[in-house]
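Visitor: To start, I am sharing the structure in question, which I have written as structure tokens.
The values are calculated or read from the model by the stated rules, or taken from the named source; none is laboratory data. Note that this is a predicted model, so its numbers are computed, not measured. Every residue, glycine as well, gets a Cβ built from its backbone with ideal geometry; the counts of neighbours run over all protein chains shown.
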Amino acid sequence: MIARAAYKPARPFGTNRRHHRTAKRLTQAELTVRVDLSTEMISKIEWGAAAPSSDTIQRLAGSFGIPEQVLFGLTPTMSDGSERTRMLAKIHAKPSRLNEDRLARADRMLSALTD
């Protein structure tokens, strides 16, 4: 049970980190140079087999040019407690769980609603 509990928190982080890496068109090998980690550790973080240290989180966020909390699926804005803010935070967290095809489809749907 303890190993399972330690495994779950790393998964959203790894998924978000993998998303940001692929969005920047970086390979795992290229990212290892930017953040001074082994390819094996990058892979373990992406697949939720290892949790990164706070220093690693800072280096990863810095390499992507994003706030650290974004890697955890959190919005970088402060919550005012409104229903709109709660809905936006909920929506913001969902795309990181989509594969590339579904993400492209969601992008087209959102564009149709907002353009």
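Visitor: Could you run through segment 68-103 and say how many residues are modelled with pLDDT of 80 or more, surrounded by 11 or more Cβ atoms within 10 Å (Cβ to Cβ) and more than 20 Å from Ile57 (Cα to Cα)?
Guide: Final tally of qualifying residues: 2.
To keep it simple, each residue is scored yes or no on (1) at negative phi; (2) at pLDDT 90 or above.
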{"position": "Thr22", "(1), (2)": "yes, no"}
{"position": "Arg25", "(1), (2)": "no, no"}
{"position": "Thr32", "(1), (2)": "yes, yes"}
{"position": "Val35", "(1), (2)": "yes, yes"}
{"position": "Glu40", "(1), (2)": "yes, yes"}
{"position": "Trp47", "(1), (2)": "yes, no"}
{"position": "Ser54", "(1), (2)": "yes, no"}
{"position": "Leu60", "(1), (2)": "yes, yes"}
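Visitor: Suppose we keep only residues that are crowded, with 18+ Cβ neighbours inside 10 Å and not in a helix (DSSP H, G or I) within segment 10-51. Which one would you say is farthest from the chain's Cα centre (by Cα)?
Guide: Leu37
Visitor: Residue by residue through segment 98-114, note down the ones that are closer than 15 Å to Ala23 by Cα and part of a helix (DSSP H, G or I).
Guide: Selection gives Glu100, Asp101, Arg102, Leu103, Ala104, Asp107.
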